[in-house]
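Q: My structure is below; once you've seen it, I'll send some questions.
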Amino acid sequence: MITYQVAVDSADDGSWITSLSADLEALEWRLGFVEAFASVAPPGQALITVRNWTQSYSPEGVSPLMIGQWLRIVVNNQVKFTGIIREIAPMVGKQGERLATITVNTPDAQYPEIKTTLPLMIKQRTDYILDQLLEIWPLEQYSRQLDRGITVLEYVGDRWGDGVAIDVIAHDLVEAERGRLFCNHQGVMRFLNRHYALRTTAAVATMIDAMSAADYQYGADLITEVRVRIRLRSVGPSNATVWTLQTPQTVRPGDQFFWARLRSSDGEMIGAVNVIAPLAGTDYTANARSDGLGSDQTAALEITIVKTQASAVRLRLRNTSSQVIYLRPGAKLRGTPLFLGDTALIEHKDDDAAGNYGARLLELDLPLLDSIELAEQLARFELSVRQTPRGVLRSIAFDARSSVEARLVVQLFERVVISESQTGHSRGYWVIGEQHRVDERGHRLTWMLAPTVNLGYWQVGVTTLAGARLGY
């Protein structure tokens, strides 16, 4: 018999003292990936239906629940979902079903809502940049476990301008690594580097015809050509102009602040490796009149760099006089510019496979990658693991007839071996995502799957070279 406990950490101390278990009507949740080759999983979500006969789940009544509280689902004494309450929707009226639905999301559901910039990152690993990104409030309060990144990125942040949503930046980072980012059962953000799938070879379970349904296709993941687009960058001369004021700016007595968005002489957005503190008289002047025909007030104006981002600088303008003055057009910032160059396209293809099976194209747009050598290695690897047709299970489903209870112990990104007699299919898979539905019909579980790499790869100091190949 499967047991379920749903509880809320209403005291925000890890005690999980508020139990919903006695009022459960139905449970539904999903976690992890849907697509086999995606780099970033969609946020997990749970929908919990409870009986609200005593207004226990009416937030404006007597309910102890509140949005922002942590909730977890425990199945057979194992945590299977942890997230943050986003919505509570009790049915209205004292007659009828009197149910309430609680919507719970994993922490990464907030990523699209947060826009940010960071100081320019130079020669940093993907995990370090991701860690800095997830230090931004309120994300810093959520647990994360990040593998050490394999890819080192030359420059990151120079194209973020006024700010880019966290989910976009995270996607570009993890894509450049060719790793994985997802939220696990405990509500911890987990980053796997690209070697995780090559290092982890032991299967936690082997199944033969042990599913109630399956999505199987032969040749669905075949590719015969890989095209990788990257953006090259170049560093300009030191002491170059990286920003110029176009119109006069009013400066009232005291302090005021604004962001200067770095631009090239032709108006294109640029980054800067460094920015020099502006000098009065050299980099800016001030006047008593906006047209510049009044008395010189440069001595009354102090401009200080408060914060430097990759493509913007926050300035403090301090007017030490008692009257309004004007910062004159032509004020500038100097530094070492970082220019975005042309797009480089790297291609690898298998003409024999294309002739035998038909052309199948994989295109990867990696704007944070600017290494042609690394892009070459990436393209060769992707082609090597998918250039031969094979059968693929995209998902398998379990219910009471197919031992669903035995499958609940498997964690995300554990390896399993699955065989199916009718198709003759047998191979290893990663469990990359799961979907659960619990109601009067019982517990139904669907695993989303990604095929393991069957090629042998060599690891320095661990494996021998015989029959193996070197990964990137």
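Q: Within the stretch 32-58, work out how many residues are part of a loop (DSSP other than H, G, I, E, B) and over 14 Å from the mean Cα position of the chain (by Cα).
A: Our first condition is that a residue be part of a loop (DSSP other than H, G, I, E, B); within the stretch 32-58, this holds for 33-39, 41-44, 52-58.
With over 14 Å from the mean Cα position of the chain (by Cα) added as a condition, the list becomes 34-37, 52-58.
Residues in the stretch 32-58 being part of a loop (DSSP other than H, G, I, E, B) and over 14 Å from the mean Cα position of the chain (by Cα): 11 in total.
Q: If you take the residues of the stretch 215-262 that are basic (Lys, Arg) and closer than 22 Å to Ser311 by Cα, which of them is surrounded by the most Cβ atoms within 10 Å (Cβ to Cβ)?
A: Here is the first cut: in the stretch 215-262, the residues basic (Lys, Arg) are 227, 229, 231, 233, 252, 261.
Within this subset, residues satisfying the condition of being closer than 22 Å to Ser311 by Cα are 231, 233, 261.
Values: Arg231: 18, Arg233: 16, Arg261: 14.
Selected residue: Arg231.
Q: Right, here's the next one. Considering Asp296, Asp351, which residue is over 27 Å from Gln124 (Cβ atoms), exposed (fewer than 14 other Cβ atoms within 10 Å of the Cβ) and either at pLDDT 95 or above or not assigned by TED's automatic domain parsing to the domain that holds Arg229 (or both)? I'd like the intermediate steps shown before the answer.
A: Working: Asp296 fails: exposed (fewer than 14 other Cβ atoms within 10 Å of the Cβ).
Criteria check complete, one pass: Asp351.
Q: Take the residues in the stretch 1-31 that are touching a Leu at 6+ places or on another chain (Cβ under 8 Å) and among the β-branched types (Val, Ile, Thr), then tell me which one is nearest to Ile73 (Cα to Cα).
A: Val6
Q: Out of all the residues in the stretch 41-48, is one or more at pLDDT 95 or above and over 28 Å from Glu113 (Cβ atoms)? It would help to see each step written out before you state the result.
A: So in the stretch 41-48, the residues at pLDDT 95 or above come out as 41-48.
In the following step, the residues that additionally are over 28 Å from Glu113 (Cβ atoms) were identified as none.
No, the stretch 41-48 has no match at all.
Q: Looking only at residues in the stretch 420-444 that are part of a strand (DSSP E or B) and among the hydroxyl-bearing types (Ser, Thr, Tyr), which one is farthest from Phe398 (Cα to Cα)?
A: Residues of the stretch 420-444 that are part of a strand (DSSP E or B), as a first pass: 420, 425-439, 442-444.
Those left that are additionally among the hydroxyl-bearing types (Ser, Thr, Tyr): 426, 429.
Numbers: Ser426: 18, Tyr429: 16 Å.
By that ranking, first place goes to Ser426.
Q: While we're here: Take Trp53 and tell me if it is on the phi < 0 side of the Ramachandran plot and of a type in the set (Phe, Trp, Tyr). Working first, answer last.
A: Numbers: on the phi < 0 side of the Ramachandran plot: yes; of a type in the set (Phe, Trp, Tyr): yes.
Yes; evaluated as a whole, the condition is true for this residue.
Q: So, one more: Just for the stretch 14-31: of the residues that are farther than 21 Å from Asp215 by Cβ and within 27 Å of the chain's Cα centre (by Cα), which one is modelled with the lowest pLDDT?
A: Filtering the stretch 14-31 for residues that are farther than 21 Å from Asp215 by Cβ and within 27 Å of the chain's Cα centre (by Cα), the one modelled with the lowest pLDDT comes out as Gly14.
Q: Then there's this: Looking at the stretch 306-321, is at least one residue under 40 Å from the mean Cα position of the chain (by Cα), in contact (Cβ under 8 Å) with a residue 12 or more places away in the chain and more than 23 Å from Pro119 (Cβ to Cβ)?
A: Step one: of the stretch 306-321, the residues under 40 Å from the mean Cα position of the chain (by Cα) are 306-318.
Applying the additional criterion that residues be in contact (Cβ under 8 Å) with a residue 12 or more places away in the chain yields 306, 308-318.
If we keep only those that are more than 23 Å from Pro119 (Cβ to Cβ) too, we end up with 318.
Yes, some residue in the stretch 306-321 is under 40 Å from the mean Cα position of the chain (by Cα), in contact (Cβ under 8 Å) with a residue 12 or more places away in the chain and more than 23 Å from Pro119 (Cβ to Cβ).
Q: Right, next: Going by what's in this entry, would Ala397 be described as in a strand (DSSP E or B), over 27 Å from Ala170 (Cβ atoms) and in contact with a Ser or Thr (Cβ under 8 Å, 6 or more places away or on another chain)?
A: Numbers: in a strand (DSSP E or B): yes; over 27 Å from Ala170 (Cβ atoms): yes; in contact with a Ser or Thr (Cβ under 8 Å, 6 or more places away or on another chain): yes.
So Ala397 passes the test.
Per-residue answers, yes or no, for (1) of a type in the set (D, E, K, R); (2) surrounded by 16 or more Cβ atoms within 10 Å (Cβ to Cβ); (3) within 21 Å of Ala176 (Cα to Cα):
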{"site": "Glu363", "(1), (2), (3)": "yes, no, yes"}
{"site": "Leu369", "(1), (2), (3)": "no, yes, yes"}
{"site": "Glu382", "(1), (2), (3)": "yes, yes, yes"}
{"site": "Ser395", "(1), (2), (3)": "no, yes, no"}
{"site": "Val409", "(1), (2), (3)": "no, no, no"}
{"site": "Val416", "(1), (2), (3)": "no, yes, no"}
{"site": "Pro451", "(1), (2), (3)": "no, yes, yes"}
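Q: Next question, about the same structure. Quick one: count up the residues across the stretch 39-82 that are touching a residue at least 60 places away in the same chain (Cβ under 8 Å) and of a type in the set (A, V, I, L, M, F, W, C).
A: Residues of the stretch 39-82 touching a residue at least 60 places away in the same chain (Cβ under 8 Å): 39-41, 43-45, 69-82.
Within this subset, residues satisfying the condition of being of a type in the set (A, V, I, L, M, F, W, C) are 40-41, 70-71, 73-75, 79, 81.
Of the residues in the stretch 39-82, 9 are touching a residue at least 60 places away in the same chain (Cβ under 8 Å) and of a type in the set (A, V, I, L, M, F, W, C).
Q: Another one. Taking the stretch 230-281 on its own, how many of its residues are among the charged types (D, E, K, R) and in a loop (DSSP other than H, G, I, E, B)? Before the answer, list the steps.
A: Of the residues in the stretch 230-281, the ones among the charged types (D, E, K, R) are 231, 233, 252, 255, 261, 263, 266, 268.
Filter once more, keeping what is in a loop (DSSP other than H, G, I, E, B): 252, 266, 268.
Residues in the stretch 230-281 being among the charged types (D, E, K, R) and in a loop (DSSP other than H, G, I, E, B): 3 in total.
The values are calculated or read from the model by the stated rules, or taken from the named source; none is laboratory data. Computed from a prediction, not measured in an experiment: that's the story for all the values here. So basically every Cβ, Gly included, is an ideal-geometry build from the backbone, and we count neighbours across all protein chains shown.
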